[in-house]
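**Student:** Input: one structure, supplied below.
Each reported figure results from applying straightforward, stated rules to the coordinates on display, with no laboratory input. Note that the coordinates shown come from a computational prediction; the quantities given were computed from them, not determined experimentally. Here the Cβ positions follow ideal geometry from the backbone for every residue, glycine too, while neighbour counts run over all protein chains shown.
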Amino acid sequence: MTNNQKINAGRFFEHFKLNEVIQHATPRTITAGDAALYIALTGVRNPLHCSAPFAHALGLDNAPVDDLLAFHIAFGKTVPDISVNAVANLGYADVRFLRPVYVGDTLSTSSTVIGLKQNSNGKSGVVYVRSTSVNQNQQPVLSWVRWVMVHKKDLNAAAPETVIPDLPAFVAPAQLCVAEQLSLKGFETQATGGQYFWEDYQPGERINHPSGMTINDSDHSLATRLYQNNARLHFDAHMMQNSTFGKRLVYGGIVISICRSLSYEGLENALAILAINAGTHANPSFAGDTIYSYTEVLERWEIAGRTDAGALRLRMVGIKNTAPAEIAAIKTADGYHPNVVLDLDYTVLMPRKGNQ
Amino acid sequence: MTNNQKINAGRFFEHFKLNEVIQHATPRTITAGDAALYIALTGVRNPLHCSAPFAHALGLDNAPVDDLLAFHIAFGKTVPDISVNAVANLGYADVRFLRPVYVGDTLSTSSTVIGLKQNSNGKSGVVYVRSTSVNQNQQPVLSWVRWVMVHKKDLNAAAPETVIPDLPAFVAPAQLCVAEQLSLKGFETQATGGQYFWEDYQPGERINHPSGMTINDSDHSLATRLYQNNARLHFDAHMMQNSTFGKRLVYGGIVISICRSLSYEGLENALAILAINAGTHANPSFAGDTIYSYTEVLERWEIAGRTDAGALRLRMVGIKNTAPAEIAAIKTADGYHPNVVLDLDYTVLMPRKGNQ
Amino acid sequence: MTNNQKINAGRFFEHFKLNEVIQHATPRTITAGDAALYIALTGVRNPLHCSAPFAHALGLDNAPVDDLLAFHIAFGKTVPDISVNAVANLGYADVRFLRPVYVGDTLSTSSTVIGLKQNSNGKSGVVYVRSTSVNQNQQPVLSWVRWVMVHKKDLNAAAPETVIPDLPAFVAPAQLCVAEQLSLKGFETQATGGQYFWEDYQPGERINHPSGMTINDSDHSLATRLYQNNARLHFDAHMMQNSTFGKRLVYGGIVISICRSLSYEGLENALAILAINAGTHANPSFAGDTIYSYTEVLERWEIAGRTDAGALRLRMVGIKNTAPAEIAAIKTADGYHPNVVLDLDYTVLMPRKGNQ
């Protein structure tokens, strides 16, 4: 007597209703174990996340965990409800890092359906959700929009009214959140090893980060499970043998984290992520791929009320199996170069000169 | 001057004496690092083990660690003394989870020899031990029986009197331990994402869990080392090249943990393991295998003195490299189907309806 | 507009100045997550590092982390400044473990250039540095000398005056540091499972440790990243395809840790490392290699002012893909046997008899 009704098959396109609020399962307490694993999985060297005295010197009570660790954990909670039946993750926008996340904080995530558009083939549609993660004090720590293409289960289900949300091209400087207690007046380059400040980065400048990192099967499996992201295509090699790819796909968040870690060489003082403005996983990544990255400086913004720090809007491009300098153009008329795996527009916090 | 006397070669069959008590080495303090690694190794999403506020809402002082993490760590301590010369792990019985284990607890394990039977070939014998793990306050947290076949070293050693312990087919409902302070009156399905309660599961019902998880070499090595289980066949690929299998074997506990994690989809509210009644590793698993599982509901028991929770006795079957629905019969006249890797009879705690 | 000036290319030979002090980046707070990962990566079973009650019984406030975990983390910080352009790590000397490192301690590392010698080819030179790691109270916890061969970037740069530091063949017994509060009067063999004391080990004695451990790609990548050691040859398989080796090299510290963990069988009571006297990575290791080890007892020293513990000077030899007993001579006229990967001279603390 097999009873598959007990299995939550996840929402299909017709199940999403505009303005519906979905509370995701598995509230998650962040621990010192998560933070150590994140270092082991990415090699990040930013002292803000691994040195309590460094964080204290900047006015914080403790070292916050890496912004992307918090993001991946918060994001992972949305997968069973939002994207388990997704054909494709189409994009991110308006990702805001609102408040530092500390060891001991518990994150709970919910999503609101903010847009729906059935595809013209009638077989699938695009769902837009704004997700928010709050800590145990109900303070929002992260907020983001993503849109995914989801299959319909019942092809006869009526198409919903098309609503496409108005999304910003980037998070405006006035909306960037920097923790009030954080003061970069106590910042010393000795702790990061980086000599360059906000003023030193020029829009248009490109930095080829010199290191590469090869993804091992265990690395990405461990990370994706740590985030409790249960999308099957990352874990089930037997099932994936019969897919287009023939093997497990690497969760896109893994690539973002590797690129961010590699970008430390050249961006040592980019202490925190304030926003992700837009992101595209241009091509899939697999175990065995070696990831490289380069960064373009897009904009340099002052932050209202702050003379100790400014914001840099950056474009971080991830490339697999070839050095960034080898690729003349990452985009052609046909789309992305096949070795490009990530095109991420994001904003970081960086100390300004003369405060030290 | 090589001195191999310093090497503890472990006990052979003739070294085990009935009623002997063996105190195992390496008391082990459980940390937040262990708990995070367990999530990374298995992908478990049960909020009882990863959300402090969820545990508080149910009356506990903190989130206990996963039952199987505690079991594997406690069990690992017995390996150097009990099974390092084992030919085969023949079975488990009467595994009782007596008390939650928290970060900061230190587990110490001892075993008592409760049965001995020399094989008729005179070359090996079966040893039955009851092992108990206590915390730093000497409170028992886990107790279990296992039996293993162990080589004789001295074939001339006299056979011991045959004693076969009387083992229960399952841990009786009256003997199940639920933490007194735990109250499921505060349980909310929102935290687990599961809508089904104790009353909803019917004996005879079968649930095919939809996800699969491929075992990577590093995954099982990391886990088995975390448990400080030093059985060589899991680690030494050079030695195992010349074995029947030609490669490292995956520790059976890894398969139990993966199946338990996969079974979350369909058993979201099975909050805690109360007992393992019996278990068989039907076939070996290797790195590269993809594990699937299904669950049969065997019995539904009330728990004395509790209206907030009941117990379900379940049969969890682990299958490799094929979906559960593909296998008509897991057992034939010749024994287990070659893709079946686990047949585990265990008992879980589940909230009852109407308490929320 | 690519700007590679932002990339810190690391020091070349001509950039090192005698007596220069280099403060390394990334102060690092040690956490329970690091300690758990170290167990998962190595399988260490020494109760001093994993049992708080065991540490308390010996007079310590808490369980210190494994000596080699602290060493690898402290060492990793020196890589970007000292060895990122190294042709070869030539050796270690005078490595002293000065003070236990606890969870919550933050390590900061600096190095002083104590020797320089340009090679006769004019293209590279040898740099000697003494590195010291201090905790958050500025107490030194580790100090060591290493020397590396580094390329010149500007072949016309003048050769520095040759200065070769006077290095001890071993750390003298009088200079070994044992934590004052540590008392082995409370030591019980039950916790380690080892029956042999300081008095039982004889100079000249050799112990073949029976277990082997196969290195997986993820294992060594995770560990090396945990230590924030960013030497590219451990991570970048794409780059290494074109190297002599054709693949990633395993960080030598991984091999030291595996050998130390394997040596537990036969040296169960070697509770702490007091010094590393000298070390050579005789041949490279790669993922897939199975590591074995044996130990020779070199010297047995009393420790001034202590009747509870003594020191043993040991030679730990790491061998890949063949059992130690299979190799007749690890060194021939041509150098090391190709299966020898480590030759380490180090000193451990061991309880003496009659104190218990």
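**Student:** Towards the positive end of the charge dipole of segment A:95-160, with charges on Cβ (+1 Lys, Arg; -1 Asp, Glu), say which of A:127, A:112, A:97 has the farthest Cα.
**Tutor:** So the residue we want is A:127.
**Student:** Please get the size of the charge dipole for segment A:101-247, origin at its Cα centre, with Cβ charges of +1 on Lys and Arg and -1 on Asp and Glu, quoted in debye to the nearest 20.
**Tutor:** Working: 11 positive and 12 negative charges, 147 e Å.
That gives segment A:101-247 a dipole magnitude of about 700 debye.
**Student:** Oh, and also: Towards the positive end of the charge dipole of chain A, with charges on Cβ (+1 Lys, Arg; -1 Asp, Glu), say which of A:88, A:193, A:49 has the farthest Cα.
**Tutor:** A:88
**Student:** Among C:275, C:226, C:339, pick out the residue whose Cα is farthest towards the positive end of the charge dipole of chain C, where Lys and Arg carry +1 and Asp and Glu carry -1 on C-beta, about the Cα centre.
**Tutor:** Looking along the dipole axis, the top candidate is C:226.
**Student:** If you don't mind, there's one more thing I want to ask. Please report, for residue C:199, the nm distances (one decimal) from its label point, 7 Å out from Cα along the beta-carbon direction, to the equivalent points in the remaining copies, shortest first.
**Tutor:** Inter-copy label distances (nm, one decimal, shortest first): 7.1, 7.1.
**Student:** Select from segment C:48-133 those chymotrypsin sites (Phe, Trp or Tyr not before Pro) which occupy a DSSP coil region and have at most 11 other Cβ atoms within 10 Å, ordered by residue number. Mind showing how you got there, number by number?
**Tutor:** Numbers: sites: C:54, C:71, C:75, C:92, C:97, C:102, C:128; in loops: C:102.
Passing both the DSSP loop test and the Cβ count: no residue.
**Student:** Additional query: Using the Cα centre as the reference, give the magnitude of the dipole from point charges on the C-beta atoms of the protein assembly as shown (Lys, Arg: +1; Asp, Glu: -1; all else neutral), rounded to the nearest 20 debye.
**Tutor:** Details: 87 positive and 93 negative charges, 133 e Å.
Dipole magnitude for the protein assembly as shown comes out near 640 debye.
**Student:** Within 15 Å, Cβ to Cβ, of residue B:230, how many net charges do the neighbouring residues add up to if Lys/Arg are +1 and Asp/Glu are -1? Walk me through the numbers before you get to the answer.
**Tutor:** On the way: positive: B:11, B:28, B:77, B:225, B:232, B:248, C:45, C:260; negative: B:81, B:236, C:265, C:268.
That sum, taken over residues with Cβ under 15 Å, equals +4.
**Student:** Calculated FRET efficiency, residue C:87 and residue A:315, Cβ-Cβ r, R0 41 Å, to nearest 0.05? Don't jump to the answer; show the numbers that get you there.
**Tutor:** Numbers: r = 36 Å, r/R0 = 0.87.
Plugging the Cβ-Cβ distance into 1/(1 + (r/R0)^6) gives 0.70.
**Student:** Okay, moving on. Just to confirm the number: angle between the C-alpha axis of helix B:217-226 and the first principal axis of chain B, 0 to 90 degrees, nearest 10?
**Tutor:** 90
**Student:** Would you compute, from DSSP H runs of 4+ residues alone, the mean residue ellipticity of chain C at 222 nm, taking -39500 (n - 2.57) per run and dividing by the full residue count, rounded to the nearest 500? Intermediate results must be reported in sequence, preceding the final value.
**Tutor:** Working: 9 runs with 64 residues, N = 356.
The per-residue figure over chain C is -4500 deg cm²/dmol.
**Student:** Connecting C-alpha atoms closer than 10 Å in a GNM of chain A, tell me which of A:69, A:155, A:90 has the biggest fluctuation.
**Tutor:** A:155
**Student:** Same structure, new question: Take residue B:353, project a point 7 Å from its Cα along the Cβ direction, then tell me which residues of segment B:194-219 have their backbone nitrogen under 19 Å from it.
**Tutor:** Counting backbone N atoms under 19 Å from the label point, the list is B:194-206.
**Student:** Here's another thing I want to ask about it. Using a simple charge model, +1 on the beta-carbon of Lys and Arg, -1 on the beta-carbon of Asp and Glu, nothing else, what dipole does chain C show about its Cα centre, in debye to the nearest 20?
**Tutor:** 840
**Student:** What is the spin-label model distance, in nm, from residue B:62 to residue A:62 if the labels are put 7 Å beyond Cα along the C-beta direction?
**Tutor:** Each label point is offset 7 Å from its Cα along the Cβ direction, giving 1.2 nm.
**Student:** On to the next question. Tell me which trypsin sites (Lys or Arg not before Pro) from segment A:11-119 have a DSSP coil assignment and no more than 15 other beta carbons within 10 Å of their own. Could you put the intermediate results ahead of the total?
**Tutor:** On the way: sites: A:11, A:17, A:28, A:45, A:77, A:96, A:117; in loops: A:11, A:17, A:45, A:77.
Passing sites in segment A:11-119 are A:17.
**Student:** Treat each spin label as a single point 7 Å out from the Cα along the C-beta direction, and report the residue B:232 to residue B:157 distance in nm.
**Tutor:** Each label point lies 7 Å from its Cα, and together they span 1.8 nm.
**Student:** Say a label goes 7 Å from Cα toward Cβ at residue C:20 in every copy; what distances in nm does this one have to the rest, shortest first?
**Tutor:** 6.3, 6.3
**Student:** Could you check the simple spin-label distance between residue C:112 and residue B:20, using points 7 Å along Cα→Cβ, in nm with one decimal?
**Tutor:** About 5.7 nm separates the two model spin labels.
**Student:** Using the Cα gyration tensor of the protein assembly as shown, with a ≥ b ≥ c the square roots of its eigenvalues, what is the shape: rounded (a/c below 1.5), prolate (a/b larger than b/c) or oblate (neither)?
**Tutor:** Details: a/c = 1.66, a/b = 1.00, b/c = 1.66.
Taking the square roots of the gyration eigenvalues as a ≥ b ≥ c, the protein assembly as shown is oblate.
**Student:** If you don't mind, there's one more thing I want to ask. Lysine pairs in segment B:47-191 with Cα distance under 28 Å, only those 8 or more apart or on different chains: how many are there?
**Tutor:** Numbers: B:77/B:117; B:77/B:123; B:77/B:152; B:77/B:153; B:117/B:152; B:117/B:153; B:123/B:152; B:123/B:153.
The result is 8.
**Student:** Inside 10 Å of the C-beta atoms of C:57-64, what's the mean count of C-beta atoms belonging to other chains?
**Tutor:** Numbers: counts 1, 0, 0, 0, 0, 1, 3, 0.
What the average comes to for C:57-64 is 1.
**Student:** Identify which of A:166, A:66, A:105 has the largest mean-square fluctuation in a Gaussian network model of chain A, with springs joining Cα atoms closer than 10 Å.
**Tutor:** A:166
**Student:** Taking the alpha-carbon distance from residue A:320 and a cut-off under 24 Å, which lysines remain once sequence neighbours fewer than 8 residues away in the same chain are dropped?
**Tutor:** Candidates past the 8-residue exclusion: A:247, A:331, C:6, C:247.
**Student:** When you look at the Cβ of every residue in B:41-53, what mean number of other chain Cβ atoms sits within 10 Å?
**Tutor:** Details: counts 6, 1, 12, 3, 10, 2, 7, 0, 1, 10, 8, 8, 5.
Partner-chain Cβ atoms within 10 Å, mean over residues of B:41-53: 6.
**Student:** Peptide C:321-328: average number of partner chain Cβ atoms within 10 Å per residue? If you can, show how the numbers build up before the last one.
**Tutor:** Details: counts 3, 1, 2, 1, 2, 0, 0, 0.
Per residue, the average neighbour count from other chains is 1.
**Student:** Something else about it: Nm distances between the label at residue A:315 and the same-position labels in the remaining copies, 7 Å along Cα→Cβ, shortest first?
**Tutor:** 6.1, 6.1
**Student:** Counting only other residues whose beta carbon sits under 10 Å from that of residue C:100, what net charge do I get with K and R as +1, D and E as -1? Before the final figure, lay out each step's value.
**Tutor:** Numbers: positive: C:99; negative: C:61, C:67, C:105.
Within the 10 Å Cβ shell, the charges total -2.
**Student:** Which of the peptides B:291-301, C:240-250 is most tightly packed, and how do the rest follow, judged by the mean count of other Cβ atoms within 10 Å per residue?
**Tutor:** Details: B:291-301: 21.8, C:240-250: 15.7.
My ranking of the peptides, most packed first, is B:291-301, C:240-250.
**Student:** Once both axes come from the Cα atoms, what is the angle between helix C:67-76 and the longest principal axis of chain C, in degrees from 0 to 90, rounded to 10?
**Tutor:** That helix lies at roughly 10 degrees to the long axis.
**Student:** I would also like to ask the following. What is segment B:171-260's relative contact order, in percent, from Cα pairs under 8 angstrom and six or more apart in sequence?
**Tutor:** Numbers: 29 pairs, mean separation 16.0, N = 90.
Relative contact order here is 18 percent.
**Student:** For segment C:1-86, rounded, prolate or oblate, judged on the Cα gyration tensor with a ≥ b ≥ c (square roots of eigenvalues), a/c < 1.5 rounded, else prolate if a/b > b/c?
**Tutor:** Numbers: a/c = 3.34, a/b = 2.46, b/c = 1.36.
Because a/c hits 1.5 or more and a/b exceeds b/c, segment C:1-86 counts as prolate.
**Student:** Taking Cα atoms, how many degrees apart are the long axis of helix A:32-42 and the longest axis of chain A, rounded to 10 and kept between 0 and 90?
**Tutor:** Roughly 90 degrees, rounded to the nearest 10.
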